[in-house]
Amino acid sequence: MIPATFDYVRAGSIDEVVDTLKEHGDEAKLLAGGHSLLPLMKLRFAAPEVLIDLGRVEQLRGVRDLGDGRLAIGAMTRHIDVMDDPLVREHCAVLADVTAKVGDPQVRHRGTIGGALAHGDAASDLPAALAALDGTLVAQGPNGSREIAASDFFVDYLTTALEDDELVTEVRVPKIVGPWGWRYEKFTRVAQAWAIVGVLAMVKRSNGSIEEARVGLTNMATVPVRASGVEQALSGRTPDAIADAAANAADGTKPSSDLSASAEYREHLARVLTRRALEAAAR
Amino acid sequence: MTRVEMTVDGEPCEHEVEPRLLLVHYLRDVLEKTGTNIGCDTSNCGACTVHLDGRSVKSCTVLAVQADGSQVDTVEGLAGPSSDGDETDGWHPLQKAFHTEHGLQCGYCTPGMIMAAKDLLEENPDPDETEVREGLEGNLCRCTGYVNIVKAVRTAAAELREGASS
C-alpha cells in the first residue's frame, strides 16, 4: 500500500511549522512519529496535500521541570524516551508505565507523545492517562500559544480542540507526590493490538483508606472518559469498597460495537478491569 | 522529488526519491536489499523490522525521507566475513541460533524477528522467556508457535554474553 502523493515540507522550527500550517490550512497534516498517520495514509483514509515533517524540530523534544509542580514533555518526545526519562521516572512514573504499554517496541521507538495525543484516538492509551492525570496540552498557532486541559482537548472520534493552524508543542503533567499507587490494565485481542478496553487506576492511600482515586477509561467512548462515579464512591473508603464501586465503571460511557467486541462486552470489561486495576493500585 | 542520504549496512547512499516512498521500498526496490521482507504492510507483523539509528522500527511505516541523515541496519548487514567453504561461520549469533534451534519454518518473519531480537539483546543481554516474548511482541510468526524462536534468542544471548566476557 502506497500513500497518495503529497508535498513534503521538512520543518526546522516551530515558527516554520506555524507558517506552513497558516498557508495550507486543513490541506496540511503534521507528521510526528507517523505511527498513527502513515497507516491511514497508506489505506488512503487520509490524503493530505502537504505533509509537514516535525522530525527535525529539536525544540519539540525533551522533558523539563516547569518548577510549578509539573513536568513539560516536548510533543516530539518518542515513547521510548518518555519511558526512560529520569524526570518522568522520578516524578510521574505512572506516565512511563502507561507509555510502556503503547503498541510494541518498534512502535515505541518511533511514536511520540504529542502525535499519539493529537491523533485523538480513544483506543490509544495515552489520552485516558492524560485525562486521569488532569494533564494539559500546549497548542501553538499564528496568534500565540494556549494551554488546553485534557478534558477539553478530546472532542470526538479522531477530533481534538486543535485548530487547523495549530500544533501541539508540549504536554504538561503534574508531579505525582505522596503515597500513590497505580495500574494500567489493557485488554487486547493480540499482544500489540489496540486496547479493546483499557483502565488506568490511580489510588492515593492514607492510613489504610483511599484518600483519592482516579480512573481513566480507554476506548469506552469516542473520547477518553473518567469514571467519576467510581472515583467519588471510593473517596475516604477502604479498599474493601473497590468491588462495589467498580461495578459502576461503565456508567455514563458510550462504547462502540465493532469486530473486536460489542458495546455490552466493553461495559463488562470496563467493570472487571476497573476492579483489577484499583485492587492493584491500592495494594 | 526529495534528496535523501543515509548509511545502509555501513554503505553511504544518496538518491532522489518521491516523498511518499516507504523506507522498506527504498531498501528493497532502490537499493535491491531484499533481505528485509514486507509482510502485513500495516505495522502489525514486524517482518520489515530494521534498525534506524540503532533502534528497531517497522520500515513499512517509515518514509524514506524520514530516514534522511540516519544510519539504517538491515538483516543483510548482520553477518561478518566467512572463511572458505563455510558460509555460516560469519553468521551473527542470532542467525546461527535461529538455524540450530529451528527458530523458523517458512522463514518469512525471520529477518524481522532477528532484527527485533538484536535490539532486545542490546537493551537486555540476558532476558528470561517472558522478556523475550514481550520484546518480540511486535513480530508475528505463523509457523513456529514461538517456542523455538524464544529458545533461539536465549541461545544467542548466551553466546553473545560469552563473547563479551572472553
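Worth pointing out:
- For the pair B and A, the buried accessible area comes to roughly 2400 Å² in total, with a 1.4 Å probe and the value rounded to the nearest 100.
- Chain-alone versus full-assembly comparison, the stretch A:105-120, residues with accessible loss of at least 50 Å² (1.4 Å probe): A:Gln106, A:His109, A:Arg110
- Cα-centred dipole magnitude for the protein assembly as shown, charges only on beta-carbon of K, R (+1) and D, E (-1), debye, nearest 20: 1560 debye
- Among beta bridges from DSSP that stay inside chain A, the antiparallel ones total about 85%.
- Rolling a 1.4 Å probe over the heavy atoms of the protein chains gives the protein assembly as shown an accessible area of 43 Å² per residue.
- The listed residues A:Phe187, A:Phe6 rank as A:Phe187, A:Phe6 when sorted by accessible area, largest first, using a 1.4 Å probe.
- Computed extension length for A:Asp134-A:Leu259: 41.8 nm, one decimal, from 0.36 nm per residue of separation with the Cα-Cα distance subtracted.
- Angle between chain B longest axis and helix B:110-123 axis [Cα atoms, degrees, rounded to 10]: 80 degrees
- Segment A:Arg89-A:Phe45, length gained on full extension (0.36 nm per residue, minus Cα span): 12.2 nm
- Nearest-10 value in Å² for the accessible area of A:Tyr157, using the 1.4 Å probe: 130 Å²
- Of A:Val177, A:Val138, A:Val98, the residue with the greatest mean-square motion in the GNM of chain A, using alpha carbon springs below 10 Å, is A:Val177.
- Between helix A:263-282 and chain A there is an angle of about 70 degrees, using the helix long axis and the longest principal axis of the Cα atoms.
- The stretch B:11-75 versus the stretch A:182-253: alpha-carbon centroid distance in Å: 40 Å
- Eligible lysines near B:Lys118 by straight Cα distance, threshold 20 Å, same-chain separation 8 or greater: B:Lys33, B:Lys58, B:Lys96, B:Lys151
- Taking the longest Cα principal axis of chain A as reference, the axis of helix A:14-24 is set at about 70 degrees.
- For the stretch A:32-111 and the stretch B:83-134, distance of Cα centres in Å: 29 Å
- Apportionment of accessible area to carbon and sulfur, the protein assembly as shown, percent (1.4 Å): 45 percent
- In the protein assembly as shown, a dipole from Cβ-located charges (positive for Lys and Arg, negative for Asp and Glu) runs towards its positive end, and of A:Thr136, A:Ala245, A:Phe187 it is A:Ala245 whose Cα lies farthest in that direction.
- For A:Asp134, solvent-accessible area (1.4 Å; no DNA, RNA or ligand), Å²: 90 Å²
- Ordering A:Gly33, A:Leu66, A:Leu158 by Cα displacement along the dipole of the stretch A:26-166 toward the positive end leaves A:Gly33 in first place; charges were set at the Cβ atoms of Lys, Arg (+1) and Asp, Glu (-1).
- Globularity index of the stretch A:178-226, i.e. its alpha-carbon radius of gyration over 2.2 N^0.38 Å: 1.36
- Where Cα atoms sit under 30 Å apart: lysine pairs in chain A separated by 8 or more or lying on different chains: 17
The values are calculated or read from the model by the stated rules, or taken from the named source; none is laboratory data. None of the values given here were measured: they were computed from a predicted structure. So basically every Cβ, Gly included, is an ideal-geometry build from the backbone, and we count neighbours across all protein chains shown. For the accessible areas, the whole protein counts, side chains as well, though only heavy atoms, and no ligand, DNA or RNA atoms are used. Shrake-Rupley method; radii C 1.70, N 1.55, O 1.52, S 1.80 Å.
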